[in-house]
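Report on one structure; see the data block that follows.
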Amino acid sequence: WKLSQKQDVDWGSGISTAVEGRIEKLDVLKTTQSGWEKFYRDRYTVLPDTNERILATTVSVVWKLSQTQDVDYSSIYMTLLNCVYDGFFGDPKMGKYSPGVQNTQYLIAHRMMVLVPEISEVSMVLPNIHFLPCNIPAFVKNNIQFEDDVFIPTDEPQGEIRCTLKRPTSFRAKY
């Protein structure tokens, strides 16, 4: 488990002009309640809908604050980290279904903006890490059947899913 917290402050004329916070290297593996369905389809679509899929990624979040005075940075960080946890996993007893990582990503970013009014912008990057079903030859040879119960991770993510939400200027918190 790797996680880093970082706050960048850019000082201009002795007054803080920009503050960015980050959550980096948060590995997520969701093996239940994850699908890939109800997505936009066109003539190039080849993937069928599924309501059972492994969701794996390494979360990176960057947020910008529009207000820099009297801000509890640690509280903001923990609030946003909890948004990520809740967005992917939900209540430990019930879980939370994800119809697709893009949907979950947007809902997490939106929740961050709702809960932390000091944020003017939040961006998330989620590399899509695929796990492919595997038939182990020794099991097949001995007539042991699996129904997509064994998965092998691919070597590299096959793309990055990016999302940025910004508040309209008129809604930003004032200094």
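In this structure, is Asp86 acidic (Asp, Glu) and assigned to a helix (DSSP H, G or I)? Don't jump to the end; show me each part of the working.
Working: acidic (Asp, Glu): yes; assigned to a helix (DSSP H, G or I): yes.
Against the criterion (acidic (Asp, Glu) and assigned to a helix (DSSP H, G or I)), Asp86 qualifies.
Taking the stated definitions as given, is Val150 free of Cβ contacts under 8 Å to residues at least 60 places away in the same chain and either surrounded by 17 or more Cβ atoms within 10 Å (Cβ to Cβ) or not acidic (Asp, Glu) (or both)? Show your work before the answer.
Numbers: free of Cβ contacts under 8 Å to residues at least 60 places away in the same chain: yes; either surrounded by 17 or more Cβ atoms within 10 Å (Cβ to Cβ) or not acidic (Asp, Glu) (or both): yes.
Against the criterion (free of Cβ contacts under 8 Å to residues at least 60 places away in the same chain and either surrounded by 17 or more Cβ atoms within 10 Å (Cβ to Cβ) or not acidic (Asp, Glu) (or both)), Val150 qualifies.
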ask   = Mind checking whether some residue in segment 161-170 is over 21 Å from the mean Cα position of the chain (by Cα), at pLDDT below 75 and open to solvent by 70 Å² or more (accessible area, probe 1.4 Å)?
value = yes
key: Filtered residue count, segment 57-88, keeping only those that are modelled with pLDDT of 90 or more and among the small types (Gly, Ala, Ser)   = 3
query = Any idea how many residues of segment 92-130 are surrounded by fewer than 18 Cβ atoms within 10 Å (Cβ to Cβ) and assigned to a helix (DSSP H, G or I)?
reply = 7
request  = Please identify the pairs in which a residue from segment 21-38 that is at positive phi has its Cβ atom under 7 Å from the Cβ atom of a residue that is in a strand (DSSP E or B) and open to solvent by less than 10 Å² (accessible area, probe 1.4 Å), counting only partners at least 6 apart or on another chain.
outcome  = Gln33/Ser98
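Would you call Leu47 farther than 30 Å from Thr169 by Cα, part of a strand (DSSP E or B) and either open to solvent by 90 Å² or more (accessible area, probe 1.4 Å) or out of contact with any Cys (no Cβ under 9 Å at 6 or more places or on another chain) (or both)? It would help to see each step written out before you state the result.
Details: farther than 30 Å from Thr169 by Cα: yes; part of a strand (DSSP E or B): no; either open to solvent by 90 Å² or more (accessible area, probe 1.4 Å) or out of contact with any Cys (no Cβ under 9 Å at 6 or more places or on another chain) (or both): yes.
Taking the combined requirement at face value, the residue does not satisfy it.
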request  = Test Thr58 against the stated conditions and say whether it is surrounded by 15 or more Cβ atoms within 10 Å (Cβ to Cβ) and on the phi < 0 side of the Ramachandran plot.
outcome  = yes
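The values are calculated or read from the model by the stated rules, or taken from the named source; none is laboratory data. This structure is a prediction, so every number in the text was calculated from the model and none was measured. All Cβ positions, glycine included, derive from the backbone under ideal geometry; neighbour counts span all protein chains shown. Side chains included, ligands, DNA and RNA excluded: accessible areas come from the protein's heavy atoms. Shrake-Rupley method; radii C 1.70, N 1.55, O 1.52, S 1.80 Å.
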